[in-house]
Every structure is written in C-alpha cells, then in structure tokens.
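The structure under discussion appears below in the form of structure tokens.
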Amino acid sequence: MTTTAVGMRCPECAKQRTQVKRMRDTASRPRVTYALIAINVIVFLAEQGQFTLFGTGIHGTVIDEGFLDRYHIAVEHQYWRLVTAGFLHENFLHIGFNMYLLYLLGMMLEPALGPVRFAAIYITALLAGSFGALLATAAPSLGASGAVFGLMGAAVIELRARRVSVMESGIGGLIIINLILSFSLANISVGAHVGGLIGGGLAALALRAADERKMRALGLVGCLLLSAAAVATLDRRGRLDGFGLRVSPARRGDPGSA
C-alpha cells in the first residue's frame with residue numbers, strides 16, 4: 001500500500017491521475033450570461049439601420065416583427081413581442097451599455113445562483129419589463145435594459161441576504177443613477193426599467209424564500225407564476241384596454257429604449 005494525500009491506496013491506484021473538477025470551476029462559468037449576450041448581438045446584427053452610435057433609424061423585418069407596443073399586443077395578439085423586444089437595440093451605444101451591464105451583473109449573480117435560477121430571474125424581469133413598458137406608454141419600445149434592471153433588483157436581494165452593503169457594493173448607486181437617467185432622458189422606457197427592477201427583485205425574493213424552506217424547486221415555480229402574472233394581467237383576453245388605456249396602431253418612429 002502507498003500513502004497518499006487521500007489515505008492508503010494500492011500502488012496501481014496511486015499511479016493513476018484522476019482529473020479533479022472543483023465546484024468553483026464549474027459554477028464560475030456564466031454560460032447563460034454569455035449565451036444571452038451572444039443572442040443579443042446576433043439579433044442586433046440581423047437588424048437594419050442599427051450601425052450608428054446614437055441614431056434611431058432601425059428598420060426591416062426583424063424590427064417590424066419584434067418591437068413592443070400596445071396595438072400589436074391588444075389587437076393583433078402578437079405576444080411573442082413581449083420577449084423579442086427585449087433582444088432588439090437601436091444603435092451601438094444602446095446595445096453596448098446594456099451588454100456591459102449584463103456582463104457585470106451576470107458575472108456576479110450567475111455563479112452565485114446557478115444558471116437555471118439566473119435564467120429564471122432574467123426571463124421574469126424581461127416579461128415584467130415588457131408589462132411595465134406597455135402600461136407606461138403607447139409608444140413602441142425595445143431593448144434589454146428591463147431585464148438588466150431586473151438583475152440589479154435581484155442583486156440587491158442577494159446582497160442583503162448575505163449582509164453586504166448595497167451601497168458599498170456599487171449596486172445601489174448603479175440603480176439610482178440609471179433611474180435618474182431613465183426619468184431625465186427622452187425616448188427612455190421608464191415603465192420597462194421600473195417593471196423589470198420590480199420583477200427581478202420579486203423573482204429573487206421567491207428564490208430566496210424557497211431556499212430558506214429548503215424547497216428550491218418552489219422558487220422556480222414562483223418565478224413562473226410571476227412571469228405568468230405579467231402576461232395574464234393584461235387581462236383575460238390579452239387586451240390592454242382592460243386598464244382603460246388607449247389602444248391604437250403604433251407608428252414606429254422613435255421607439256422608447258429599454
């Protein structure tokens with residue numbers, strides 16, 4: 001027998017080299033974050049009129065079939081727009097800023113939460129952001145920042161659960177600055193930002209509550225219910241006029257950025 005770091009082993013076993021894979025090595029690879037960034041970039045490249053720094057001249061089939069507005073949801077019942085709008089961007093500044101924040105927040109949250117729970121928060125925040133955008137304005141909207149705001153909300157919940165100062169971490173300041181910009185700048189979908197922030201925070205709370213009860217699957221069910229509520233609350237027929245909102249065909253001129 002041969003003495004090794006893991007105890008006594010036979011000579012043949014001691015000569016073998018078994019590859020050791022640490023949990024940290026697998027958990028620290030934010031595959032969902034990379035995949036989301038890749039999808040956003042691919043969709044951006046498929047648009048037309050997007051290759052400007054600040055411009056709003058986007059057009060073409062990808063934009064026409066993907067942007068979000070009340071008319072196409074309430075009258076045409078094109079519910080895929082609740083999701084597709086979250087992967088469209090107007091210009092380089094728009095996608096660059098959103099993807100940078102998605103990368104930073106993804107590097108923080110996905111290794112801590114795991115890919116499935118991270119994806120659940122992102123999807124919940126995306127749908128909540130779309131719902132908020134529809135409530136806030138009749139103008140068309142697009143962009144990933146509703147979902148990104150949701151990741152900020154989730155980060156706040158996770159930091160507080162770990163007793164880390166939200167302000168010292170930088171997340172608190174990031175949220176405040178982005179909310180100020182949302183209410184100050186033109187053509188910004190405030191509803192998408194606020195809706196996404198709330199949706200992501202609630203999704204993280206659902207996951208956290210399930211963890212405390214040692215019922216992790218229940219947290220995913222909570223995210224599913226939140227996502228369903230963001231869609232079903234439009235009303236039973238999927239119409240926004242149930243909220244007394246004006247529904248008319250949208251003119252896709254200057255979409256609100258999310």
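The values are calculated or read from the model by the stated rules, or taken from the named source; none is laboratory data. Please read these numbers as outputs of a predicted model, since none were measured by experiment. FYI the Cβ positions are ideal-geometry reconstructions off the backbone, even for glycines, and counts take in every protein chain you see. To get the accessible areas, we keep the full protein, side chains included, count just its heavy atoms, and leave off ligands, DNA and RNA. Shrake-Rupley method; radii C 1.70, N 1.55, O 1.52, S 1.80 Å.
I'm checking a number: the convex hull volume of the Cα atoms of segment 45-161, normalised per residue, in Å³. What is it?
Numbers: hull volume 12.9 nm³, N = 117.
Per-residue hull volume (Cα only) is 110 Å³.
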task = Could you please report the charge total around R81, scoring K, R as +1 and D, E as -1 over all other residues with beta-carbon less than 11 angstrom from its beta-carbon?
result = -3
ask   = Considering only protein heavy atoms, what per residue accessible area in square angstrom results for segment 123-216 with a 1.4 angstrom probe?
value = 44
query = If the viscosity is 0.692 mPa s and the temperature 37 °C, what translational diffusion coefficient in µm²/s does Stokes-Einstein give for segment 77-128 when Rh comes from Kirkwood over Cα pairs?
reply = 268
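I'd like the carbon and sulfur percentage of the solvent accessible area for segment 46-194, probe radius 1.4 Å, heavy atoms only, ligands and nucleic acids excluded. Walk me through the numbers before you get to the answer.
Values: 4150 of 6040 Å².
Percent of accessible area from carbon and sulfur atoms in segment 46-194: 69.
Out of every Cα-Cα pair in segment 138-207, what percent are more than 16 Å apart? Display every interim value, and only then the final one.
Working: 1129 of 2415 pairs.
Taking all Cα-Cα pairs of segment 138-207, the fraction more than 16 Å apart is 47 percent.
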